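Just below is one structure, and these are the notes that go with it.
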Amino acid sequence: MSCSDRHYSLAHKMPHKRHLIEKHIIMIQNLQNLKKLGFEKCFQDHVDPARLAEFEIARVIAVHKDRYTVTGGAEEVPAELVGKLLFSAASPLDYPAVGDWVLVNYYDENTFSVIHEIIRRKSLLKRKTPGKKIEFQLIAANIDTAFIVQSLDHNFNLRRLERYLVMVNDSHIRPVVLLSKSDLLTSEEIEGRIDQIHEIMPQLQVLPFSNENGSGLERIKDLLEPGLTCCLLGSSGVGKTTLLNHLIGEDLFRTRTVREKDGKGRHATTSRQLITLEGGAMVVDTPGMRELENFSVETGLDDTFGEITALARKCRFNDCSHTSEQGCAVLAAVTQGTLSEKRYRNYMKMIRETLFNDMSYVEKRHKDKAFARHCKTVMTHKKKQKLFSMDRERRWKDDTGS
Ligand SMILES: Nc1nc2c(ncn2[C@@H]2O[C@H](COP(=O)(O)OP(=O)(O)OP(=O)(O)O)[C@@H](O)[C@H]2O)c(=O)[nH]1
Ligand SMILES: [Mg+2]
Ligand SMILES: [Zn+2]
């Protein structure tokens with residue numbers, strides 16, 4: 001007897017239970033669908049079973065301002081927040097983000113839904129909004145793996161990588177580093193950069209790849225297990241959306257054509273959406289984050305050297321050091337005389353000091369290690385000297401017979 005036959009005969013014997021059994025079967029089927037979307041037991045543990053009689057579980061797959069799209073595994077349904085949730089929200093953290101699991105009610109043959117509750121999150125990726133106020137903007141919830149994408153050209157920068165890593169680690173998400181545009185470098189150069197990363201973060205998984213010639217794409221696909229939720233992070237223009245389009249297998253999302261003149265262009269990706277790949281993994285694409293790119297926002301450099309940081313944004317390279325680069329807008333202003341050399345020198349001095357004060361924990365630890373090594377060398381040297389002097393003393397005593 002198959003499982004459904006047994007349910008059928010049971011329902012016949014106990015007609016009053018029939019409704020309950022049918023509901024149970026629907027719930028199991030729904031649970032299967034939810035699992036495909038990444039639903040795990042830990043989420044279920046946070047839902048009051050009584051609420052499940054009233055609501056259904058769904059996942060937020062898109063956010064556009066105050067409108068949402070949710071799905072329980074079948075159709076994608078537009079959703080709004082219930083008034084109570086709206087009015088009780090004390091901070092942006094209380095609103096649903098892409099990837100959130102929520103309790104909803106469906107209406108009008110599943111063409112509309114209302115979100116009543118956000119199920120406790122496993123992880124939350126958020127960014128501080130620029131400015132002094134401590135306010136957060138949600139990026140995505142319940143992410144398992146964050147792919148931090150850096151391109152192997154001038155975008156490659158260990159400091160920036162650390163910033164992204166700190167953010168990902170703080171959110172309890174597993175980081176994987178993807179080095180894009182491997183087509184632009186020789187394999188020795190690529191190995192060199194991977195070594196540089198492993199020197200400070202030996203455990204980190206680092207995969208080079210190219211959207212241009214497809215190398216490394218298979219290794220990335222291998223990581224995308226069914227039910228896994230991941231996100232793409234990294235500077236604007238490193239090729240996140242191009243990678244996503246490759247993973248989907250078609251050019252579904254708009255990518256950026258780098259404008260030759262200033263090498264920058266606008267952020268191509270602006271919306272937040274959870275895309276389900278054919279293999280069953282889900283991906284959120286994100287735009288590059290200025291605040292992780294540009295430390296001047298956090299350090300107050302903007303307040304003091306506003307006109308220079310404005311110029312710096314026009315430099316061709318995101319990580320321009322304003323010392324020798326081609327296309328450096330700051331140097332150009334000094335040459336043209338619109339920026340005084342003295343002010344430029346003060347700015348550079350301030351940057352050096354800020355960079356030093358702002359040294360990340362990895363660098364500090366690295367320094368500590370170097371310091372520890374130095375201490376050890378000194379101690380060994382001292383020990384040797386002591387042994388040497390003891391030996392000399394002994395010999396002197398032997399010689400003099402004292
Ligand atoms: N040579 C080379 N160019 C690439 C590669 N990947 C992407 N590009 C180019 O880089 C540019 C930017 O790519 P996008 O995918 O739009 O970059 P993004 O990271 O999504 O940028 P934002 O959405 O602004 O954050 C495009 O012109 C791509 O053609 C690569 O592997 N090699
Ligand atoms: Mg993009
Ligand atoms: Zn510059």
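The numbers here are math on the coordinates, done by the rules we state, and not lab data. Note that the coordinates shown come from a computational prediction; the quantities given were computed from them, not determined experimentally. Positions of Cβ are backbone-derived with ideal geometry, glycine not excepted, and every protein chain shown enters the neighbour counts.
Given H placed on each backbone N at 1.01 Å, which residues far from E80 in sequence or on other chains put an amide H within less than 5 Å of it? Under 5 Å from the amide H of E80 lie the amide H atoms of S113, V114, I115, each far enough along the sequence or on another chain. Pairs spanning more than 20 Å between alpha-carbon atoms, out of K240/K314; K36/K221; K181/K221; K65/K128; K181/K240; K36/K84: K240/K314; K36/K84. Among residues other than H322 with Cβ under 14 Å from its Cβ, the summed charge is +3 (Lys and Arg +1, Asp and Glu -1).
With a 10 Å radius around each residue's Cβ, average the other Cβ atoms per peptide and rank 156-165, 318-327, highest first.
Numbers: 156-165: 19.3, 318-327: 14.7.
Ranked from most to least packed, the peptides come out as 156-165, 318-327.
Remark on L124: its backbone amide H falls under 5 Å from those of N142, a criterion applied only to residues 5 or more positions apart or on other chains, H modelled at 1.01 Å from N.
Quick one: grab the alpha carbon gyration tensor of the range 19-118, order the square roots of its eigenvalues as a ≥ b ≥ c, and give me rounded if a/c is under 1.5, else prolate or oblate depending on whether a/b is larger than b/c. Before the final figure, lay out each step's value.
On the way: a/c = 1.61, a/b = 1.50, b/c = 1.08.
Prolate is the answer for the range 19-118, as a/c is 1.5 or above and a/b outweighs b/c.
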